[in-house]
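So the structure is just underneath, and the comments pick up after that.
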Amino acid sequence: MKRAMGATKKVLVALSGGVDSSVCVYLLKQKGYDVAGVVLKMSPAHDQTVRDAQEAADALGIHLYIKDMSEAFSSCVVDYFVREYQNGRTPNPCVVCNPTVKFKALVDAADEYGYDYVATGHYADLIERDGEVLLARGECKQRDQSYMLYRLTQRELTRLMFPLNHMDKQQVRAIAEEAKLPCAKKPDSQEICFIPDNNYAKYIVERTGAVPEEGDFISPEGEVCGKHKGIIHYTIGQRKHLGIALGRPVFVKRIDPVENRIYLADAGQEYYSRAVVRDVTVTTGKPLEPCHVQVKIRSVAPLAGAAVTPLPDKKAEVVFDSPQRAVAKGQSIVFYTPEEIVIGGGFVEEVEE
C-alpha cells in the first residue's frame, strides 16, 4: 500500500532489533518519513529484545520509546495460552496478542507521541478501497503473515504500514547488510516469544504449579493402549513422541480434558469435512455474510475452498470443499476472498468428519 507523503509524515516503527523491523526503519527513513521506534516489553523473556531494539535504534539514529506491556500480555495472552492447553485445545498466542495487546499498544503509542502511522516488519499487504483498509496476503507467499493478523480492526489497519510486503527475506537481509545494520545476520525469532526454549509444557507447569496428570491413550479400536504424561504435552495431529507401539503409525485424533484421555486414530482418519468457529471477527466490522471463500486452517496450510455460513452468537459453520487434515480446536480458520483479501475468521470450536 502506498501512503501519500504530502507534508512529512511521522511513522512509529515496532522495533525489536531484528532484521525485519530494523530494515523497516531504514526504508522509511530513505523515503523521507520522520521515524521513531517503539519496543514493547511483554515478559521477562523480552529483556533482550529491549536491549536489541536500543542497539538498532542507536545504529539507525532514531529515538526509541519503551512501553511495558507485561501486565496486559500476561492477562490477555499468557493466561489464555495456558488455559487452552489445559482444556485440550491448541492455542495460537500471536493471533490473540496482535489485536488485544501488540497492535492496540502500537496505535495507542502513536496517538500518545503524535505519530501518523505505525509500521511493522510483517509480511502482508494493505489495500485501500472505498474508504476502508483491507488486509491481504503478502506478495511473498512463503512468509505471508496475514493469518496471524486477521483479527485486526479498522482502528489498526487504517494506521498501518507494512514496508516489507514487496520483498522476500533474502532481499531484506541484503538491505540490512548493505546498510551495515547490527542485525544483518541475526536469526529469525523463535516461535513462542515468551518461551525462549519453546518448551511450552515445562512453562505451563512452572507458571501454574500444577503437575500434569497421567491418563489413558485410547487406541483406534477403542481400547486402552498406554499412558500419556498429561494432555498439555500433546496436540491434534501429533504423530511423534507418543510412546505408543501398536505396530503401525497412529496420531492424536481427539483430546478429552474431562476424562483426561487422548484418542488415537490410524492414518487417513485425520480429515474433517466441517467445522464450527466461534468469536468470529470481520476486518471491516460489517456482519459476516454467507459466502464461498478460500480458507486457511493454520498459518502454514495452503488455501482451501469452503462454504461459510454465519450462525448466532458470533459463530460460523465452515464446510470444506474437500476434507482438511488435523483441524484443531483452538486454532483459527481464516477466510479469504478470491483476491486473497482477508474477510475475517474465528477459533475452531467443533469439528466433524
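The values are calculated or read from the model by the stated rules, or taken from the named source; none is laboratory data. Computed from a predicted model, the values in this text were never measured in an experiment. Note: ideal-geometry Cβ built from the backbone for every residue, glycine included; neighbour counts use all protein chains shown. Each accessible area value is taken on the protein alone, full model and side chains, heavy atoms only, with ligands, DNA and RNA left out. Shrake-Rupley method; radii C 1.70, N 1.55, O 1.52, S 1.80 Å.
Below are the figures for this structure:
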{"item": "Computed helical MRE - 222 nm, the chain, DSSP H runs ≥ 4 contributing -39500 (n - 2.57), nearest 500", "result": "-6000 deg cm²/dmol"}
{"item": "Relative contact order for the chain, counting Cα pairs under 8 Å that sit 6 or more residues apart, in percent", "result": "15"}
{"item": "Heavy atoms of M69: accessible area, 1.4 Å probe, square angstrom to 10", "result": "40"}
{"item": "Principal axis box of the chain, alpha-carbon based, largest edge first, Å", "result": "70, 44, 34"}
{"item": "Pairwise centroid distance, computed over Cα atoms, of the range 209-231 with the range 320-353, Å", "result": "28"}
{"item": "T208/R129 FRET efficiency (R0 45 Å; Cβ-Cβ; nearest 0.05)", "result": "0.50"}
{"item": "Length gained when the stretch T158-Q54 is fully extended (0.36 nm per residue, less Cα-Cα span)", "result": "34.7 nm"}
{"item": "Full-extension gain in nm, E353 to A45, via 0.36 nm per residue minus C-alpha separation", "result": "106.9 nm"}
{"item": "Cross-link partners of K314 among lysines (Cα-Cα below 20 Å; sequence separation of 8 or more within a chain)", "result": "K286, K296, K329"}
{"item": "Cα centre as origin, Lys/Arg/Asp/Glu Cβ charges: the range 1-122 dipole, Debye", "result": "440"}
{"item": "Inter-label distance, nm, simple model (7 Å from Cα along the C-beta direction), D116/K10", "result": "1.2"}
{"item": "Where E289, E191, E317 fall by accessible area, highest first, once all protein chains stay in place (1.4 Å)", "result": "E191, E289, E317"}
{"item": "Approximate spin-label separation D68-K169, in nm, with each point projected 7 Å along Cα-to-Cβ", "result": "3.4"}
{"item": "Sites K185 and E139 - FRET efficiency at Förster radius 25 Å, r taken between beta-carbons, to 0.05", "result": "0.55"}
{"item": "By average C-beta atoms within 10 angstrom, highest first, the peptides 210-218, 102-110, 28-36", "result": "102-110, 28-36, 210-218"}
{"item": "Gain upon complete extension [R248, E339; 0.36 nm per residue less C-alpha separation]", "result": "28.5 nm"}
{"item": "Kirkwood-based Rg to Rh ratio, the range 236-304, C-alpha trace", "result": "1.09"}
{"item": "Cleavage-rule hits, trypsin sites (Lys or Arg not before Pro), the range 173-254, DSSP coil, Cβ neighbours within 10 Å at most 16", "result": "K180, K185, K229, R239, K240"}
{"item": "Computed over the range 6-126, Cα set: Rg, Dmax in Å", "result": "15.3, 53"}
{"item": "Degrees separating the helix 19-30 axis from the principal Cα axis of the chain, which is the longest one", "result": "30"}
{"item": "Percent accessible area from carbon and sulfur atoms, the range 1-103, protein chains only, probe 1.4 Å", "result": "49"}
{"item": "Nearest-10 value in Å² for the accessible area of S75, using the 1.4 Å probe", "result": "70"}
{"item": "Pairwise centroid distance, computed over Cα atoms, of the range 109-159 with the range 243-270, Å", "result": "39"}
{"item": "Whole-Å semi-axes of the range 121-260's equivalent ellipsoid (Cα gyration tensor)", "result": "41, 20, 16"}
{"item": "Accessible area in the full protein assembly, largest first, 1.4 Å probe, for D266, D47", "result": "D47, D266"}
{"item": "Cα-based equivalent ellipsoid of the range 179-307: semi-axis lengths in Å, sorted from largest, via gyration tensor", "result": "31, 26, 17"}
